[in-house]
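The values are calculated or read from the model by the stated rules, or taken from the named source; none is laboratory data. Every value quoted in this text rests on a predicted model; they were computed, and no experiment measured them. Every residue, glycine among them, receives a Cβ derived from its backbone with ideal geometry; neighbour counts consider all protein chains shown. Ligands, DNA and RNA are excluded from the accessible area calculation, which covers all protein heavy atoms including side chains. Shrake-Rupley method; radii C 1.70, N 1.55, O 1.52, S 1.80 Å.
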Amino acid sequence: MFREEKRVEMVMGAGGEAMKGLIENYMLKHLLWEKSRDVDVGLEALDDSAVVDDWAFTIDGHTVTPYFFPGGDIGRLSVAGTVNDLSVIGARPLALALGMIIEEGFPISDLDKIVSSVGETSKEADVHVVTGDTKVVERGLPGGIFVTTAGIGRRHPSLLENWEKTGRRGGTPWLLDSKLKEGDKIIVSGTVGDHGIAVLSQREGYGFETDIISDVMPVNHILDSALRSGGVVAAKDPTRGGVANALNEWAEKSQVGIKIYEESIPIKEGVRAACEMLGIDPLEIGNEGKVLLVVVNDSAEDILEVIRKQKGGEDAEIIGEVSSDVKGVVMESVTGGLRIVDPPTGDPVPRIC
Amino acid sequence: MRGVGRVDKGEFNAFRFRDRESAKRLLDAIKRLKVELRVMHVCGTHQDTLVRYGLEQLLLDVGVEVRQGPGCPVCVTTTREIEEALALARAGVTILTFGDMIKVPAESGSLRSVKTEGADVRVVYSSIDALKMAKKESEKRFVYLGIGFETTAPSTAALLLKDSPPNLSILSYHRVVPPALRAILEMGEVKLDGFIEPGHVSVIIGEEPYRFITEEYRIPQVIAGFEPLDLLMAAYLLAKMKKEGKPRLINEYRRAVRPEGNRLALQAMERVFYPVDREWRGFPTIPSSALEVREEFSNKNARIVYEDLLREVWKRTFREPPGCRCPEVLRGLIRSEECPLFGKACTPENPIGPCMVSAEGSCNILYRYGKVFRRR
Amino acid sequence: MCLAIPGKVVELHEDGSGIVDYGGVRREADLSFVNAKVGDWVIVHAGFAIEILDEEEAKKTLDAFALVLEGMEEEKLTRRG
């Protein structure tokens, strides 16, 4: 209404409503020209990964600044991000491609640390980088380095058994966002907001000192244990836009209501304090080493138990359920009142009011 | 560490009043009074607490309707004032602001949209961070937006009282609460049974400035803190005073608010600012309701330092976007759904007026709540 | 209109500022509006401590809540100190 030339805004990259608008209005219409026969899970699903001829396939770009942050760096983040996106569709990650765009003048010692971190994290996830591309651009690249990773994966060996254990007939065994049903339980694999607060603490203008470090890590071993136990319906890694964004995507794609309970959501005291200090909702900030699972009611306790035995799954909790007495995503607060959990409309920024 | 809200036994728990059991029993206590009342609060952070803990609906169920008055910087700042910041940003001045103002649409854009067009707009957490930034980048010109009420004005004043660098000046949007309360009452448009007074404004100004509301208008008041139980207790006290017909001013937030307020903060504020008449969004001009930088600090007043850039803005007249009824919503005259744009042209994704922009705006909340379940 | 949270003063600096701990998060805060000493609880808004929190009053407020919850009168709440 007041802008002649429509432009891409920062908020359109923050994993919320504005980003959905950008993708739906300016991308999908060009790319969905015909349904291809061997695509099982395609672009229109907008899921964490696609599935083509029984291969899981995904890509993720990373621009975090600063590129070294408490608990991790852009190298570890880029491997974990793609490994996790493949795992949450029900795949066993097999191989990665690594694309780097580096600014002229970027310190070689930093590059060396970043790539060594890529190596260590891929070893940890047992997934090799098999191909890649490197470009150097003129000085002026914000943050100095962009790292993009793509990945392919094979169907997890227990995927079919897992799907049979859910007792739901037919359809594809892949863990799709559109599969939620009334009564399913929602599990988070650990404390929320660690990564977001660790990065925010370094940002000029509102930095602070904290012992909170990023949780960035591959979670394929957590998915592996859950699938072997059986009864997993869907899964997501709550990165950009956090738990709020992930739950809203599920609610919309499965056309269900989701009710969660504030008292059962695990959070570190430091993350809660930082969020209250900055006026930010812990459900809206990014996690890079967590997974959200939807599981059938009868398998919930068993899956919770196996996850808690995994590294990074010690604080796992059942935080809510799919419920038809609400529309969208609603949270019961500690005082018993109900609150809407919105899809975030942009990166959270400190407020005073 | 379990539970976002689970009340842990850590030492930080001393100031957290949130447990479900007490909330339930406070609500039952209100219900037992069998009183219907409409009260108003004038604080975005009270609205945040009401929404975050779902208290609005719980209070409605026991007969207490809580209306939101003009109480958050986003809602009260006028289009003209935001256009001042946009003009400076487009002229290459770096704007430093709290996150609240980024999304607010004025007439020719918002701070977010001018940032997209290449202007340097940065979010800060404190005026001290603004000071540090201006010192570090001494070749750039900085203007810090002084938004907020008596709680925030002293921290802006401190900026001018410390040795702030010459490349930093401020644009004062600061407002003060008591004159707005008087304006609401004098307009007499809304029948109110009580006020929930803003806790942190009161930390600064104390109890005295509110006395006239009970003495002249016989309306009960409670100064409330920001924990859920603070607000439920405030509702209980207001209901009790209505039932007994004994309007008083009760300070429920005594752990933070002293009767005389914070003298040091008041002195800093009075030293740097003086009250001026100014429009609030949705209100005609309210006498002595805004703070302007005193003559003595003119070299720090962006309205003087950049007069040439701002004169254009001051010449223009600004209207609310066609059809926008935020003014009446802000005064509690109409409910959000009575505005023709509500939910159609005006939605959280495409907000037209302030009541839809801010997550605490009444229209934003009703739009989202309406999606989830109908309110009684 | 003012997000502000309680924190504990853990360090004082000459220039009138100090370090406040919010429970695992520490940040510098300007203390020029309060005469705080280390160990005091303060309420901080936008980087400025705007008052020293009175722990005694906090306890009294909780006691007053308890009275109301047991249906007692709220006079206790209005009498200060």
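Which value in nm describes the separation of the simple spin-label points at C:Ala66 and A:Asp302, placed 7 Å from the Cα toward the beta carbon?
4.8
Consider all pairwise Cα distances in chain B and report the whole-number % of them above 37 Å.
22
Which value, in Å², gives the accessible area per residue of region A:34-340 when a 1.4 Å probe is used on the protein heavy atoms?
Value returned for region A:34-340: 37 Å² of accessible area per residue.
Just to be sure I follow: if Rg is taken over the C-alpha atoms of region C:6-80 and Rh is the Kirkwood radius over the same atoms, what is Rg/Rh?
1.14
From the Cα trace of the protein assembly as shown, what convex hull volume per residue do you get, rounded to a whole Å³?
Details: hull volume 131.9 nm³, N = 810.
Dividing the Cα hull volume of the protein assembly as shown by its residues yields 163 Å³.
Give the value in nm², to one decimal: projected area of the alpha carbon convex hull of region A:119-179, averaged over all directions. Let's see the in-between values first.
On the way: hull surface 29.1 nm².
If you wrap the Cα atoms of region A:119-179 in a convex hull and average its projections, you get 7.3 nm².
Counting partner chain Cβ atoms within 10 Å of every residue's Cβ in B:24-35, what's the average? Present the calculation step by step, with values, prior to reporting the outcome.
Values: counts 3, 6, 4, 3, 2, 5, 1, 0, 1, 0, 0, 0.
Shielding by partners across B:24-35 averages 2.
What is the calculated FRET efficiency for A:Lys113 to A:Leu22, with r their C-beta to C-beta distance and R₀ = 35 Å, to the nearest 0.05?
0.60
Quick check on region A:34-340: of the DSSP beta bridges with both residues there, what percent are antiparallel, nearest 5%?
Of those bridges, close to 75 percent are antiparallel.
Given a cut-off of 23 Å, name the pairs among B:Lys140/B:Lys162; B:Lys136/C:Lys37; A:Lys253/A:Lys290; A:Lys29/A:Lys185 whose C-alpha atoms lie farther apart than that in the structure shown.
Details: B:Lys140/B:Lys162 19 Å; B:Lys136/C:Lys37 30 Å; A:Lys253/A:Lys290 21 Å; A:Lys29/A:Lys185 35 Å.
Correct reply: B:Lys136/C:Lys37; A:Lys29/A:Lys185.
Springs between alpha-carbon atoms under 10 Å, Gaussian network over chain B: tell me which of B:Thr214, B:Thr116, B:Thr347 tops the mean-square fluctuations.
B:Thr116
Normalising by the residue count of region C:6-80, find the relative contact order in percent from Cα pairs under 8 Å and 6+ residues apart.
22
Summing Lys, Arg as +1 and Asp, Glu as -1, what charge do residues with Cβ under 9 Å from the Cβ of B:Asn167 carry, B:Asn167 excluded?
Its environment carries a net charge of +1.
What total accessible area, in Å², is buried where chains C and B meet, using a 1.4 Å probe and rounding to the nearest 100? Numbers along the way, then the final one.
Details: alone 6100 and 17630 Å², together 19370 Å².
Summing both chains' loss of accessible area gives about 4400 Å².
Just want to confirm a number: the relative contact order over region A:34-340, from Cα pairs under 8 angstrom separated by 6+ residues, in percent.
22
What translational D, rounded to a whole number of µm²/s, comes out for region A:103-257 from Stokes-Einstein when the hydrodynamic radius is the Kirkwood one over Cα pairs, at 20 °C and 1.002 mPa s?
Calculated translational D: 113 µm²/s.
Counting other C-beta atoms within 10 Å, and keeping those with at most 15, which DSSP coil GluC sites (Glu not before Pro) do you find in region A:36-104?
Passing both the DSSP loop test and the Cβ count: A:Glu104.
Starting from the Cα of B:Arg248, step 7 Å along the direction of its Cβ; do the same at A:Ile213; then give the gap between the two resulting points in nm.
So the label points at B:Arg248 and A:Ile213 sit 5.5 nm apart.
Computing the accessible area with a 1.4 Å probe over protein heavy atoms, can you report the carbon and sulfur percentage for chain B?
Details: 6980 of 13370 Å².
Solvent-exposed carbon and sulfur of chain B make up 52 percent of the total.
Tell me, what is the per residue accessible area of region C:6-80 in Å², probe radius 1.4 Å?
Result: 42 Å² of accessible area for each residue.
Among B:308-317, B:89-98, how do they line up from the highest to the lowest mean number of other beta-carbon atoms within 10 Å?
Values: B:308-317: 12.3, B:89-98: 20.6.
Packing order, densest peptide first, comes out as B:89-98, B:308-317.
Give, ordered by residue number, each residue of region B:180-201 whose 1.4 Å probe accessible area is reduced by a minimum of 30 Å² on adding the remaining protein chains to the chain alone.
Flagged in region B:180-201: B:His200.
Over chain B, calculate the relative contact order: mean separation of alpha carbon pairs under 8 Å at least 6 apart, over the residue count, as a percent. Kindly include the intermediate steps, with their values, before the conclusion.
Working: 648 pairs, mean separation 71.4, N = 376.
It rounds to 19 percent for chain B.
Under the rule a/c < 1.5 gives rounded, and otherwise a/b versus b/c splits prolate from oblate, where does region A:1-78 land using the Cα gyration tensor?
Numbers: a/c = 3.30, a/b = 1.10, b/c = 3.00.
In terms of gyration-tensor shape, oblate.
Using only atoms on other chains, find how many Cβ atoms lie within 10 Å of each Cβ of peptide A:337-346 and report the average.
Across the residues of A:337-346, the mean count of other-chain Cβ atoms within 10 Å is 6.
With chain C treated as a Gaussian network of Cα nodes joined by springs under 10 Å, which of C:Leu12, C:Leu53, C:Leu67 yields the largest mean-square fluctuation?
The residue with the greatest mean-square fluctuation here is C:Leu67.
In a Gaussian network model over chain A where Cα atoms closer than 10 Å are linked, find which of A:Glu17, A:Glu138, A:Glu317 has the largest mean-square fluctuation.
Result for chain A, Cα springs under 10 Å: A:Glu138 fluctuates most.
Which GluC sites (Glu not before Pro) does region B:146-201 hold that lie in a coil by DSSP with at most 14 other beta carbons within 10 Å? Each step should come with its number before you reach the end.
Numbers: sites: B:Glu150, B:Glu186, B:Glu189; in loops: B:Glu150, B:Glu189.
Of the GluC sites (Glu not before Pro), the ones in loops of region B:146-201 whose Cβ has at most 14 other Cβ atoms within 10 Å are B:Glu189.
Rg/Rh for region A:34-340 to two decimals, with Rh computed the Kirkwood way over all alpha-carbon pairs.
0.97
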